[in-house]
Structures are given as C-alpha cells and as structure tokens.
Amino acid sequence: MSVSTGYKRGPEVEVLGQSVFQNTKDDEKQAASIEDLAFLNLMDKEVHKDKDNSWLAPLPFKPLRQRLPCNKDQARQRLASLRNSLEKNPKKRQQFLEFVQKMIDNGHAEPAPFLDTNREHWYLPMFGVHIPQKPDQIRVVFDSSAEFKGTSLNKVLLSGPDLNYSLVGVLMRFRKEPTAFMADIQQLFYCFFVEQTLGLPSFMWFKDNDMSKMS
C-alpha cells in the first residue's frame, strides 16, 4: 500500500499573513539569502487554510531542478529492511504500528491514488527514533535526504531560512518579564498538508497496517 502525505486543495478560507515570515528586531539573524527570499515569497503566496481550517502548503521546489527518478524499488527494499528490524524488537514494532495508525486516523496520511507511470514519483523511506526523555514513545522520521541515482527530495527543495531563535536570546528574554510560557504542538509537521499536485511525497507501508501484507 502506498500512502500519500498529500492533501487536495479546497476553497481558500484564510491566507497566511506575510508577517508570519518576516524577521523582527529580536531575531538576531543575518539577512535572508536569495533562495531564502524565494522560499518566503512562495510561502506568502501559497500557504493558506482550507474550508476545514487545515493549513495547506506547496512543496518549495528550486526554480531549476532535475526531475526526480522513481525510487519505488529502493523504498520497497528499505521497507523490507525496516520490517526485519522491527520483527526483532516487538515493543518497537508495536510503537511503530501505533504511530502510523495514528497518522492515518488523524487524516495526516491517506492511501495514494493510482498514478500514471509517466508522472514524477518519489517515495520517502522511514525509520524510527526514540527520544531519551520519552523511552515509551517513538518518532517516525521520513528520510527526505535518502538518495537515489544521485539525488534526493531534499536536493530539489528550497530549505528556507532558519526561523529558530538563538538559545542565548531565548534565555535572556526569559528574564525580561515576570512570567514566561512554554508550549508544544503535538505532531506539528504533520498538521501541514501538502498540495497534491504531483506523485509525491508518498511513502510505502503495509496494507491495513499489517506487517504480513507487504506492498
């Protein structure tokens, strides 16, 4: 089963304001590069909310890029290797299956439609990472840096500017006011849907979330 992380665009409800991507006096960063400006311009124009109040974003392709070859065979090999690894670790296997099922249940992934072989395809291999502070949880990582025939998804996408604040700046600003707040958004990156304009990004997984049913 191929599962797509894409999402079909619905009627526009809200456009992401340009102020979200603008630097402020507290950013403490160098000026954006030409590629960073191209990325910001694309996001300002294309990121929006649909009728279900979900954020939709385009894949930020570089202006001049090569066509991605179909890496389906590589993705299938990586999936078989992952299955062999998980079968040796029942606990990790169960955590992995629960994570993927949660993605599907939350609408963060859906079965991919049949795609014409002439269209561009790219499958993201995946692997699991345990966080030391949360040993009972696993984070499934989609390997966008995995190369096939000398290229990868990362190589054809604009990386965009670093929007993280410096740790020193954060610690200093914590001391400026009497109260500080910290927050976290669960599965933040999966909350952004991708415009389903191409046969990517997709990933290969087991039918019905059953590891005995290989794609």
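A short reminder: the numbers here are calculations on the coordinates, not readings from a lab. Just so it is clear, the model here is predicted, and its values are computed rather than measured. When we count neighbours, we look across all protein chains shown, and the Cβ atoms used for this are built from the backbone with ideal geometry, even at glycine.
Each residue of the range 176-186 is assigned a 3J(HN,Hα), and the resulting list reads 7, 10, x, 10, 10, 10, 10, 8, 9, 10, 5 Hz, derived from the Karplus form 6.51 cos²θ - 1.76 cosθ + 1.60 (θ = phi - 60°), x at Gly and Pro. Both radii were evaluated on the Cα set of the range 69-215; the Rg over Rh quotient, with Rh as the Kirkwood radius, amounts to 1.03. Along the range 142-153 the Karplus relation, 6.51 cos²θ - 1.76 cosθ + 1.60 evaluated at θ = phi - 60°, assigns HN-Hα couplings of 8, 7, 6, 8, 4, 9, 9, 6, x, 9, 8, 4 Hz to successive residues, with x for each Gly and Pro. Note that the range 57-100 shows a convex hull volume over its alpha carbon atoms of 104 Å³ per residue.
As a proxy for reagent exposure, ranking Phe181, Phe61, Phe193 by other Cβ atoms within 10 Å from fewest up yields Phe181, Phe61, Phe193.
Just to verify a number: FRET efficiency for Gln187 and Asn154, C-beta to C-beta distance, R0 = 22 Å, to 0.05? Could you put the intermediate results ahead of the total?
Values: r = 21 Å, r/R0 = 0.94.
After rounding to 0.05, the efficiency reads 0.60.
In plain terms, the residue of Ser212, Ser145, Ser152, Ser85 with the fewest other Cβ atoms within 10 Å comes first and the most crowded comes last, giving Ser212, Ser145, Ser85, Ser152.
Normalising the Debye intensity of the range 126-209 to I(0), with uniform scatterers on Cα atoms only, and taking log10 at q = 0.13, 0.20, 0.25 Å⁻¹ returns -0.74, -1.29, -1.41. Sorted fewest first by neighbouring Cβ atoms within 10 angstrom, Tyr123, Tyr190 come out as Tyr190, Tyr123.
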